[in-house]
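One structure is given below, encoded as structure tokens.
The values are calculated or read from the model by the stated rules, or taken from the named source; none is laboratory data. Bear in mind that the values here come from a model prediction, so they are computed numbers and not experimental data. Quick reminder, even Gly has a Cβ in these numbers, built from the backbone with ideal geometry, and neighbours come from all protein chains shown. These accessible areas exclude ligands, DNA and RNA; they are computed on the full protein's heavy atoms, side chains included. Shrake-Rupley method; radii C 1.70, N 1.55, O 1.52, S 1.80 Å.
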Amino acid sequence: MKKLLMLLAIVVAFASCKKENLTEYVINGNAEGIHNGIRVRLTQIDSKGKQVIKDSAIVMNGKFNIKGSVEEPSIYFLLVDGKPGNFVFMLENSNINIDLDQKVLMNSKITGSESNIIYEAFQEGMLEFKEESESIIAVFKELRENPNPKTKDSITKVMDDLRQRQTAYPLNFIQDNSDSYFSLNLIQLESSRPGFDIANYMKVFESFPEHLKTSKKGLVVKQKLDELYKEYEKLSYLNIGKVAPSFESQTPDGKILKLDDIKGKVTIIDFWAAWCGPCRRENPNVVKVYNKYHSKGLEIIGVSLDGAPNQKDPKKAWLAAIEKDGLEWNHVSGLKYFRDPVAELYNIKSIPATFILDAEGKIVAKNLRGVALENKISELLD
């Protein structure tokens with residue numbers, strides 16, 4: 001018994017040492033169907049967002065081999081000369097086998113990278129959203145032949161719910177996998193997207209184990225989050241729950257209109273422009289909401305960002321869009337494009353953009369469109 005325990009101890013010690021001594025990776029590639037002499041390239045995205053080559057290998061007899069080392073698991077790409085796309089995976093110091101799919105590189109298979117298992121789980125979740133979206137779009141196409149307003153509205157609500165769940169998915173995934181190097185990489189990727197929820201991402205980052213927070217990638221991510229949080233604090237006056245900053249601007253007839261002059265039980269500040277396609281496509285929905293709830297206390301003030309460099313007569317375009325789209329609420333604009341003082345005050349970087357205020361002038365929601373906008377106004381006024 002004593003000898004058996006000693007033997008087990010030696011085996012465990014050997015296994016532990018073996019795992020700790022993995023200071024390099026070995027990529028054993030199966031490239032069946034790819035001609036001899038074709039080069040496979042291992043690349044990574046650098047701090048400037050540029051894809052740079054880290055290593056490469058030549059395919060011979062349907063095989064290739066790449067050796068090296070990484071400080072910690074991170075996202076890498078495999079590219080094959082003459083083949084479109086790439087294969088994304090988590091590279092770590094271990095023996096890794098990759099079976100390349102020469103037709104669709106992103107469908108290649110990998111084994112041997114533990115951190116890649118988490119990445120694949122995330123991708124499976126994203127694929128489910130894609131499949132769900134495609135099924136909804138298929139129903140929309142059927143409705144073109146047999147339009148039914150009630151069915152169309154219900155499908156629109158389903159699509160809106162899908163978008164909200166998909167937007168929340170990365171943060172929820174990271175919360176459930178906060179001990180993963182992939183989650184660090186995912187935070188870094190998400191931080192460059194518009195509407196990044198810096199406050200909640202900061203919270204989830206602080207929940208990471210210490211060895212991840214102090215890793216090379218963890219320190220890079222922390223620096224990025226700190227920078228974004230400083231900007232977030234500068235704009236904290238625009239957070240939900242804050243009283244919307246007051247402003248004044250010129251109406252189409254040249255008069256001065258203040259936000260405080262037109263506040264209702266609920267007020268929508270709608271940033272848009274005649275040149276903005278998505279804004280014009282959303283306008284029928286805003287008109288519908290206004291006609292339905294104006295008598296109950298809804299007011300809208302449209303802030304136009306017309307004045308784009310390519311507009312010959314921005315005021316004429318602004319007025320024509322108001323008339324054509326039937327926008328019967330209050331309108332103001334300095335006709336200065338994104339340099340409009342009101343747009344700068346509300347930190348508008350893209351349009352359409354909306355702020356929904358309650359009777360006290362507090363911001364209760366932002367950037368709602370379609371069914372989500374109508375539902376919120378209904379919630380506040382019905």
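Annotations for the structure displayed:
- Ordering Met106, Met90 by accessible surface, largest first, gives Met106, Met90; the 1.4 Å probe counts only protein heavy atoms, with every chain in place.
- Extension gain for Glu206-Leu143 works out to 18.0 nm (0.36 nm per residue, less the C-alpha to C-alpha distance).
- Rounded, prolate or oblate (a/c below 1.5 giving rounded, otherwise prolate when a/b exceeds b/c) for the range 94-172 by Cα gyration tensor: oblate
- In whole percents, the pair-distance distribution calculated for the range 202-354 from its alpha-carbon pairs, binned every 10 Å from zero, is 10, 33, 27, 15, 11, 4, 0.
- Taking GluC sites (Glu not before Pro) across the range 283-356, the ones in a DSSP loop with at most 16 further Cβ atoms lying within 10 angstrom of their Cβ are Glu328.
- Using the empirical formula 2.2 N^0.38 Å as the baseline, the Cα radius of gyration of the chain reaches a ratio of 1.29.
- Debye, to nearest 20: dipole size of the range 322-382, +1 on Lys, Arg Cβ, -1 on Asp, Glu Cβ: 400 debye
- Using a cutoff of 8 angstrom between alpha carbon atoms and counting only pairs six or more residues apart, the relative contact order for the chain works out to 11 percent.
- Placing unit charges on the Cβ atoms of the charged side chains and taking the dipole of the chain about its Cα centre, the candidate lying farthest along the positive direction among Thr267, Ser249, Gly277 is Gly277.
- FRET efficiency for the Val220 to Asp253 pair, using the beta carbon distance and R₀ = 51 Å, is estimated at 0.45.
- The trypsin sites (Lys or Arg not before Pro) of the range 279-333 that meet both conditions, a loop assignment by DSSP and at most 14 other Cβ atoms within 10 Å of the site Cβ, are Lys312.
- Size of electric dipole in the chain: Cβ of Lys, Arg +1 and of Asp, Glu -1, about Cα centre, debye, nearest 20: 540 debye
- About the Cα centre, charge dipole magnitude for the range 59-184 (Lys/Arg +1, Asp/Glu -1 at Cβ), debye: 500 debye
- For the range 240-281, the square roots of the Cα gyration tensor eigenvalues, ordered a ≥ b ≥ c, give a/c of at least 1.5 with a/b no greater than b/c, which places it in the oblate category.
- Shape of the range 318-382, Cα gyration tensor, a/c cut at 1.5: oblate
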